[in-house]
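Each remark here refers to the structure printed beneath this line.
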Amino acid sequence: MTTIPSETVLETRHYTDDLFSFRTTRPQSFRFRSGEFAMLGLPQENGKPLLRAYSIASPNWSDDLEFFSIKVPDGPLTSRLANVKPGDQILLRPKPTGTLVLDALLPGRTLWLVSTGTGIAPFASVARDPETYERFERVVLTHTCRKADELQYGIDVVDGIRRDPILSEIVGNRLSHIASVTRENAGPGTLEGRVTDLIRSGELFEASELPAWSPENDRVMICGSTAMIADTRALCEDAGLEEGSNSAPGRFVVEKAFVG
Ligand code: A2P
């Protein structure tokens, strides 16, 4: 059995009782494209490592790695991961992979990053990658959660972009962040409703001051639950977009948000 390399936890941050992020060291040899995922986990007493797929939330230029996780009550991995502290070791398998990458999309004008829940993680990476803004004129990050406090991670990522002297210069006003909640009243600056409903009603396009999706201009990345992906995929197909992959780039790509 090959041993899985371990990395050191640098920082943890808890957003709600169920959502947390953590940063770890990054081995020099660990290469990835923004939007990819890796197998990450903890050792077990029986000697077998417990690993799950985790999207890398940090961009590929970052010296360390960031992950955003849900805590599943009694979940064998996430309930333990939620307790890690700076200095602890986690297992991280090299060779990340995934389809939520710029290479899987044809050139276009606007990139839509459509997420629910922890599905925002790969887009936290893509939205912080300067290459995204070389390839697209506009980027719209959508994040829908049940409750407002679950939106905080995405708000912090976008605030971080605006505060970063280099990134803010590159991004300018070309990134829009559209957040919505579905199970409580929306506060200021937040919409109400599922992203799929906001697409159907046109509210998403109104809020981002962009026209509805067209095969010429728009490219979409989708990350959320199985049901959310199915519904958003159908809307992409209705708009005449076709799915892409690493080997055959297209007009939209999907990946399930992993844990949870
Ligand atoms: P809703 O509250 O209406 O179910 P979950 O935690 O269940 O994955 O949900 C995260 C967010 O995704 C919630 O706001 C939820 O809305 C929304 N959602 C769930 N299913 C779908 C779907 N099929 N299409 C779009 N959004 C969805």
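Each value in this text was obtained by applying a stated rule to the coordinates, not by laboratory testing. All values derive from a computational prediction rather than experimental measurement. Using ideal geometry, Cβ is built from the backbone for each residue, glycine included, and neighbour counts are taken over all protein chains shown.
Order these peptides, 115-127, 10-22, by their mean beta-carbon neighbour count within 10 angstrom, highest first.
Going by the mean number of other Cβ atoms within 10 Å, highest first, we get 115-127, 10-22.
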- Semi-axis lengths (Å, descending) of the ellipsoid that matches the C-alpha gyration tensor of segment 102-254: 21, 20, 14
- Query: Given H placed on each backbone N at 1.01 Å, which residues far from residue 257 in sequence or on other chains put an amide H within less than 5 Å of it?
  - Reply: 224, 225
- Message: Cut-off is 10 Å between beta-carbons; in what order do 133, 54 appear when sorted fewest neighbours first?
- Response: 133, 54
- Query: Can you pull the three principal axis extents for the Cα set of the chain, in Å, largest first?
  - Reply: 53, 40, 37
- Item | Paramagnetic reach from residue 80 in segment 7-39 [backbone N under 15 Å; point 7 Å along Cα→Cβ] | 7
- Sort 228, 221 so that the residue with the fewest other Cβ atoms within 10 Å of its own Cβ comes first and the one with the most comes last. 228, 221
- Query: Using Cα pairs under 8 angstrom and six or more residues apart, how large is the relative contact order of the chain, in percent?
  - Reply: 20
- Task: Take the alpha carbon atoms of segment 1-60, find their center, do the same for segment 147-173, and report the distance between the two centers in whole angstrom.
- Result: 22
- Message: For a Förster distance of 25 Å, can you work out the FRET efficiency between the beta-carbons of residue 173 and residue 239, rounded to the nearest 0.05?
- Response: 0.50
- Query: According to the Cα gyration tensor, what semi-axes, each the square root of 5 times an eigenvalue, does the equivalent ellipsoid of segment 183-260 have, listed from largest to smallest in whole Å?
  - Reply: 23, 17, 10
- Debye equation applied to the C-alpha atoms of segment 4-144, log10 I(q)/I(0) at 0.19 Å⁻¹: -1.12
- Query: ³J(HN,Hα) across segment 103-120 via Karplus (A = 6.51, B = -1.76, C = 1.60, θ = phi - 60°), whole Hz, x for Gly/Pro?
  - Reply: 5, 8, 10, 6, x, x, 9, 10, 9, 9, 9, 9, 9, 10, x, 6, x, 6
- Message: So, R0 is 30 Å and r is the distance between the beta-carbons of residue 201 and residue 13; what FRET efficiency does that work out to, to 0.05?
- Response: 0.30
- Query: How about residue 256: which aspartates and glutamates have a C-alpha closer than 19 Å to its C-alpha, ignoring those fewer than 8 places off in the same chain?
  - Reply: 18, 36, 66, 103, 150, 231, 237, 242, 243
- So, in nm, how far is label residue 28 from label residue 93 when the simple model puts each one 7 Å beyond its Cα toward the Cβ? 2.6
- Inter-label distance, nm, simple model (7 Å from Cα along the C-beta direction), residue 163/residue 62: 1.4
- Note on the structure: With Cα springs under 10 Å, the Gaussian network model of the chain assigns the largest mean-square fluctuation among 139, 195, 158 to 158
- Note on the structure: Of the convex hull enclosing the alpha-carbon atoms of segment 140-194, the direction-averaged projected area in nm² is 3.6
- Item | Contour excess over end-to-end distance, with Cα ends at residue 44 and residue 156 and 0.36 nm allotted per residue | 37.0 nm
- Message: With angles folded into 0 to 90 degrees, how steeply does helix 226-238 sit against the dominant principal axis of the chain? Use alpha carbons for both and round to 10.
- Response: 30
